[in-house]
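The values are calculated or read from the model by the stated rules, or taken from the named source; none is laboratory data. For clarity, every value in this text was computed on a predicted model and none was experimentally measured. Here the Cβ positions follow ideal geometry from the backbone for every residue, glycine too, while neighbour counts run over all protein chains shown. When the accessible area is computed, the model is the full protein with side chains, heavy atoms only, and any ligands, DNA or RNA have been set aside. Shrake-Rupley method; radii C 1.70, N 1.55, O 1.52, S 1.80 Å.
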Amino acid sequence: MDEELHERIREVVRAVPRGRVSTYGDIAARAGASSPRVVGKVLSEDGHDLPWHRVLRSTGRPAEHIARRQLELLRAEGVLAEGDRVDLGEYRWRD
DNA sequence: AGGGTGACCGTGA
DNA sequence: ATCACGGCCACCC
């Protein structure tokens, strides 16, 4: 995988403001990644030191295996979820 | 070379 | 609202 792209993706994730969320697709677009899948890949293996919990699927729901933890972290910074779904219309990050 | 596997996405039923 | 599909891309057998 292109090292350049890898860093750009980390960069964009790091730029998501506290109390806001983004999606794999948005991150991919901003970082110039060819597919949202690449973003998930980067976060899974090199996202521990990033605000990875601010990245959700386009549905506003987190990926299954990390859902509990993720929603907990979001709640801690003021992002409330209805069940397991975050309202993107309200919290989605756009400059 | 070819098939399987994901922290994915949009569309259509 | 949910589900299946096809498309997507990097990796690893």
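Each residue in the range A:17-44 was checked for being assigned to a loop (DSSP other than H, G, I, E, B) and surrounded by fewer than 21 Cβ atoms within 10 Å (Cβ to Cβ), and 7 pass. Looking for something within 8 Å of DNA strand B (Cβ to nearest atom), in contact (Cβ under 8 Å) with a residue 24 or more places away in the chain, open to solvent by 20 Å² or more (accessible area, probe 1.4 Å) and of a type in the set (A, V, I, L, M, F, W, C) - is there at least one such residue anywhere in the range A:56-69? No, every residue in the range A:56-69 fails to be within 8 Å of DNA strand B (Cβ to nearest atom), in contact (Cβ under 8 Å) with a residue 24 or more places away in the chain, open to solvent by 20 Å² or more (accessible area, probe 1.4 Å) and of a type in the set (A, V, I, L, M, F, W, C). Against the list (1) within 15 Å of DNA strand C (Cβ to nearest atom); (2) within 10 Å of the chain's Cα centre (by Cα); (3) not in a helix (DSSP H, G or I), the condition residue A:59 fails is (2). Filtering the range A:1-16 to residues that are near DNA strand C (Cβ under 9 Å from one of its atoms) and either under 23 Å from residue A:65 (Cβ atoms) or open to solvent by less than 30 Å² (accessible area, probe 1.4 Å) (or both) leaves A:1, A:5, A:6. Within the range A:70-94, take every residue that is closer than 21 Å to residue A:9 by Cα and in a loop (DSSP other than H, G, I, E, B) and give me the one that is most open to solvent (accessible area, probe 1.4 Å). This residue is A:94. Of all residue pairs spaced 6 or more apart or on separate chains, those with beta-carbon atoms under 6 Å, a first member in the range A:5-30 that is closer than 11 Å to residue A:92 by Cβ and a second member that is assigned to a helix (DSSP H, G or I) and away from DNA strand C (no atom under 14 Å from the Cβ) are A:16/A:54; A:20/A:91; A:21/A:54; A:21/A:91.
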